[in-house]
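Let me begin by presenting the structure, written as structure tokens, before commenting on it.
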Amino acid sequence: MMSEAINNIILRDMTASDLDRASHLEKEAFGKFAWTRAQLEDALERNDTAYVVAVLDDEVVGLCGVQNICGDGEITNVSVDSSKRNLGIASRMFAYLLKRGCEIGCTAFTLEVRAGNASAIRLYESAGFISEGVRPSFYDSPKEDAVIYWLRNVEDIKTN
């Protein structure tokens with residue numbers, strides 16, 4: 001199933017028609033801390049932001065976004081449908097997002113992640129991100145540290 005699902009994934013920029021499904025995925029992944037439909041819609045209208053989706057069997061099953069802040073690409077969201085996790089969708093989608101980030105002028109990337117989110121940390125580290133700091137007790141419900149990651153060498157992304 002894994003290789004079949006990966007082969008059928010379509011990666012593309014998010015469109016307005018994806019907003020309802022994208023906001024549902026956000027809520028499923030992040031609950032009360034999820035980006036709202038209105039926030040995702042605003043992101044679509046910005047020139048300094050790229051949002052991408054993963055589509056499987058005509059359904060959006062993942063989304064992620066990046067905002068270019070003075071050349072630093074701040075990864076804002078990474079969400080995958082709970083029934084489609086551990087199939088490699090996030091890693092393909094994330095790699096595509098980094099390329100899109102370079103296209104909008106990002107020369108480095110940063111993100112923060114809950115210290116206990118082992119699967120996300122594996123994804124980010126496998127993409128070359130390096131932990132460069134901790135924000136103690138940053139997250140609520142439950143209270144948890146945020147680990148700050150950076151990817152500063154994007155030349156490999158630009159050439160692939």
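The values are calculated or read from the model by the stated rules, or taken from the named source; none is laboratory data. Since we're looking at a predicted model, the values are computed, not measured. Note that each Cβ is placed from the backbone with ideal geometry, even for glycine, and that neighbours are counted across all protein chains shown. Surface accessibility is based on the protein's heavy atoms, side chains included, excluding ligands, DNA and RNA. Shrake-Rupley method; radii C 1.70, N 1.55, O 1.52, S 1.80 Å.
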Output for the range 107-160, where each listed residue is β-branched (Val, Ile, Thr) and either at pLDDT 90 or above or in contact with a Lys or Arg (Cβ under 7 Å, 6 or more places away or on another chain) (or both): Thr107, Thr110, Val113, Ile121, Ile130, Val134, Val147, Ile148, Ile157
Residues being under 9 Å from the mean Cα position of the chain (by Cα) and either modelled with pLDDT of 95 or more or open to solvent by less than 10 Å² (accessible area, probe 1.4 Å) (or both) - total across the range 55-79: 8
Residue within the range 92-108 that is surrounded by fewer than 17 Cβ atoms within 10 Å (Cβ to Cβ) and assigned to a strand (DSSP E or B) present: yes
Test result for Asp48, without any contact (Cβ under 8 Å) to a residue 24 or more places away in the chain and open to solvent by 20 Å² or more (accessible area, probe 1.4 Å): no
Hits in the range 61-91 (condition: basic (Lys, Arg) and either out of contact with any helix residue (DSSP H, G or I) (no Cβ under 9 Å at 6 or more places or on another chain) or outside any loop (DSSP other than H, G, I, E, B) (or both)): Lys84
Selection within the range 3-43 - farther than 29 Å from Pro142 by Cβ, assigned to a helix (DSSP H, G or I), open to solvent by less than 60 Å² (accessible area, probe 1.4 Å) and not acidic (Asp, Glu): Ala5, Ile6, Leu19
Subset of the range 114-160 [of a type in the set (Asp, Glu) and within 14 Å of the chain's Cα centre (by Cα)]: Glu125
